[in-house]
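The values are calculated or read from the model by the stated rules, or taken from the named source; none is laboratory data. If you're wondering where the values come from, they're calculated on a predicted model, not measured in any experiment. FYI the Cβ positions are ideal-geometry reconstructions off the backbone, even for glycines, and counts take in every protein chain you see.
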Amino acid sequence: MRFFVPTDIYVEKNCVKNHAQNMLSVGTRALIMTGKYSAATNGSLDDVTDVLNTGRVPFLVFNEVEENPSTDTLRKAARSAMDFKADFVIGIGGGSAIDAAKAVALLLANPYVDPDDLHKAPNRPLEHAPIIAVPTTCGTGSEATPVAIITNHKIHLKKSIPHIIFPVLALVDGKYLATAKKQLIVNTAVDALSHMVESILNVKSNTFNRMFPEYGLKLWGECKDALLANGNVDASLYEKLMLTSTIAGMSIAHTSTTLPHGMSYDLTLHAGVPHGPAVGYFLAAYTEICAKFVPDDVKKILSLLGLKDIGEFTTMLQNLIGTYSVTREMRDQFAAAMKENRSKLDLVPGKITPEDVDSIYEKSLTLV
Ligand SMILES: [Fe+2]
């Protein structure tokens, strides 16, 4: 049994400013990676650049990270980083920006690696430039994990790359949620929920790493009614939602995710469904299957969330993210691919059958 999260993590209001010295000590020239708009509108980019300007650390902003960052975008960003002679990378945003920052930090330290080869297992562990993560959504948890999910459109693949890339510093501030749309908060909170459920319903779950999702699920349960209600989430919950997301990241840092995440990638890649709902559609049916293998764990999850049974869990998720329909052909294709996905199937805490996999798809995706 092992516990290992080497990232220096701060969760508090104004933590970018409060820990300016930590940020300035990481490197001498920064590449900042963000999406097009959100980091500029929620104040996070200004907070970071104020610190860098005060510390006279030159920086370059690369604001072209798309949802589900592609190897083509990484190539462009890595070239900019090298031309600028950056020696550290700051990812500001949701999982896409932070995962892209991780991959570019790896490319920066290994200029001979082609971004299209990032999914191939390396002969030896590769170094990476230091990364600072500033999350601005309450779902990814990437600030506390070694994982980067990257899309290679040339081979139709969305998957984590087989490299261990922990940020050196994570600065987590709930205030960046203030400008986020309600549905974005809901979608990302469902992602965090999935991280914790999949971490417990996982063959790698143990006494150490279980502390995180068990506490996180209790916090998530306290935010549940606000997520389900009409209208905006009260500002008093922002920090709790962000903390829960970071705790959920710490959870999967030890166990990784299981079937709902594995199943979501096809839905995102082939149907463009955002990550949170794409995972959430599969979560209740996966939990139901796991009740055959680890009934006490499922009971515990439901009770921490304040739910009576799987039926209530299913209804709650449907109220948050709705349902999704695909063609029968698409569903069959997804199911066939998942039945071959040993890296996810082997993490299920019981002997899952091909029929179980079919049953999860049937319960999770309706037909058009
Ligand atoms: Fe996720």
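Any chance the range 323-338 includes a residue that's in the same structural domain as His275 (by TED's automatic domain parsing), under 27 Å from His254 (Cβ atoms) and in contact with an Asp or Glu (Cβ under 9 Å, 6 or more places away or on another chain)?
yes
With the structure loaded, tell me whether Val172 is within 16 Å of the ligand (Cβ to nearest atom), modelled with pLDDT of 95 or more and of a type in the set (A, V, I, L, M, F, W, C) or whether it fails that test. The answer is no for Val172. Against the numbered list (1) surrounded by 24 or more Cβ atoms within 10 Å (Cβ to Cβ); (2) among the polar types (S, T, N, Q); (3) more than 16 Å from the ligand (Cβ to nearest atom), Thr179 comes up short only at (1). Taking Val348, is it over 21 Å from Cys223 (Cα atoms) and of a type in the set (A, V, I, L, M)? Yes.
Here are Asp173, Asp116: which of them is under 26 Å from Gly272 (Cα atoms) and either among the acidic types (Asp, Glu) or not assigned by TED's automatic domain parsing to the domain that holds Asn42 (or both)? Result: Asp116 is the single residue among Asp173, Asp116 that is under 26 Å from Gly272 (Cα atoms) and either among the acidic types (Asp, Glu) or not assigned by TED's automatic domain parsing to the domain that holds Asn42 (or both). Among the criteria (1) surrounded by fewer than 24 Cβ atoms within 10 Å (Cβ to Cβ); (2) within 16 Å of the ligand (Cβ to nearest atom); (3) not hydrophobic (A, V, I, L, M, F, W, C), the one Asp117 does not fulfil is (2). Here is a check on your reading of the model: is Leu241 within 14 Å of Thr188 (Cβ to Cβ) and buried (at least 18 other Cβ atoms within 10 Å of the Cβ)? Spelling it out, Leu241 is indeed within 14 Å of Thr188 (Cβ to Cβ) and buried (at least 18 other Cβ atoms within 10 Å of the Cβ).
Scoring Leu243 on the criteria (1) out of contact with any strand residue (DSSP E or B) (no Cβ under 7 Å at 6 or more places or on another chain); (2) in a helix (DSSP H, G or I) leaves a single failure, condition (1).
I'd like the residue in the range 187-221 that is β-branched (Val, Ile, Thr) and within 14 Å of the ligand (Cβ to nearest atom) and, out of all such residues, is farthest from His275 (Cα to Cα). Quick ask: steps written out before the conclusion?
Quick first cut of the range 187-221, residues β-branched (Val, Ile, Thr) only: 188, 190, 197, 200, 203, 207.
Keeping just the survivors that are within 14 Å of the ligand (Cβ to nearest atom) gives 188, 190, 197.
Details: Thr188: 8, Val190: 9, Val197: 16 Å.
Checking each candidate, the answer is Val197.
Quick one: would you say Lys351 is of a type outside the set (Ser, Thr, Tyr) and either in contact with a helix residue (DSSP H, G or I) (Cβ under 8 Å, 6 or more places away or on another chain) or under 16 Å from Tyr265 (Cα atoms) (or both)? Reasoning before the result, please.
Numbers: of a type outside the set (Ser, Thr, Tyr): yes; either in contact with a helix residue (DSSP H, G or I) (Cβ under 8 Å, 6 or more places away or on another chain) or under 16 Å from Tyr265 (Cα atoms) (or both): no.
Considered against the rule, which asks whether it is of a type outside the set (Ser, Thr, Tyr) and either in contact with a helix residue (DSSP H, G or I) (Cβ under 8 Å, 6 or more places away or on another chain) or under 16 Å from Tyr265 (Cα atoms) (or both), Lys351 comes out as no.
Contact map, the range 219-239: residues that are assigned by TED's automatic domain parsing to the domain that holds Thr315 paired with residues that are surrounded by fewer than 11 Cβ atoms within 10 Å (Cβ to Cβ), Cβ distance under 7 Å, separation 6+ or inter-chain. Pairs shown: Ala226/Asp234.
Residue by residue, here is whether (1) within 22 Å of Thr353 (Cβ to Cβ); (2) away from the ligand (no atom under 16 Å from the Cβ); (3) at pLDDT 95 or above; (4) in the same structural domain as Glu67 (by TED's automatic domain parsing) holds:
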residue: His270; (1), (2), (3), (4): no, yes, no, no
residue: Ala285; (1), (2), (3), (4): yes, yes, yes, no
residue: Lys299; (1), (2), (3), (4): no, yes, yes, no
residue: Ser303; (1), (2), (3), (4): no, yes, yes, no
residue: Leu307; (1), (2), (3), (4): no, yes, yes, no
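Listed by position, the helices (runs of 4 or more DSSP H) contained in the range 277-368 that have at least 3 residues being without any contact (Cβ under 8 Å) to a residue 12 or more places away in the chain are 295-304, 310-321, 328-338. Assess whether Lys159 counts as being closer than 24 Å to Met196 by Cβ, within 15 Å of the ligand (Cβ to nearest atom) and at pLDDT below 95. So Lys159 fits the description; yes.
Within the range 120-146, the set of residues being within 16 Å of the ligand (Cβ to nearest atom) and surrounded by fewer than 24 Cβ atoms within 10 Å (Cβ to Cβ) comprises just one member, Pro146.
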